[in-house]
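See structure below.
The values are calculated or read from the model by the stated rules, or taken from the named source; none is laboratory data. Here the structure is a predicted model, which is why all the values come from computation and not from measurement. Backbone-built Cβ (ideal geometry, glycine too); neighbour counts: all protein chains shown. Remember, those area values only see protein heavy atoms, side chains included, never the ligands or the DNA or RNA. Shrake-Rupley method; radii C 1.70, N 1.55, O 1.52, S 1.80 Å.
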Amino acid sequence: MIKLIKKTDGVSGYEILTADDGNRNSKILAVFVGLDLTLAEGVKGVIKNIDGDFFLIDDEYPTPEEIKQARMDAGLTQTEAAEKIYCSLGAWKKWESGEREMHPAFWELFLIKTNSQK
């Protein structure tokens, strides 16, 4: 988890979030456009506002290969795996194919419910 600082970008005028590392030229991690918050390109994770402070939660996203291997190790079909974590079969297929990233919360739930260690 990385603490972020909110400031106004001198060039664009947008409110931005950068790492709270004391470096004036820190990489922009997210940009506010109105009330919407958008992660900068290449930044993975989730921005959380905790008691007025912003944090980047940069949990690891599992790879499609890890997802498929964990499912197979658990002896489950895609349908059974999806049901185990209360998601749609379509979502599970997209995670295994790499079309979408599986959120770390779903990954952790799957590992807990299948008693897997990754």
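Some points to look at:
- The mean of 1/r over all pairs of different alpha-carbon atoms in the chain, once inverted, gives a Kirkwood hydrodynamic radius of 16.2 Å.
- Think of it as helices only: each DSSP H run of n ≥ 4 in the chain is worth -39500 (n - 2.57), and spread over all residues that comes to -8500 deg cm²/dmol at 222 nm.
- In segment 19-118, taking the dipole from charged Cβ atoms about the Cα centre, the farthest positive-side position among T77, A30, P104 is held by T77.
- Solvent-accessible surface of segment 6-118, averaged per residue with a 1.4 angstrom probe and all protein chains in place: 66 square angstrom.
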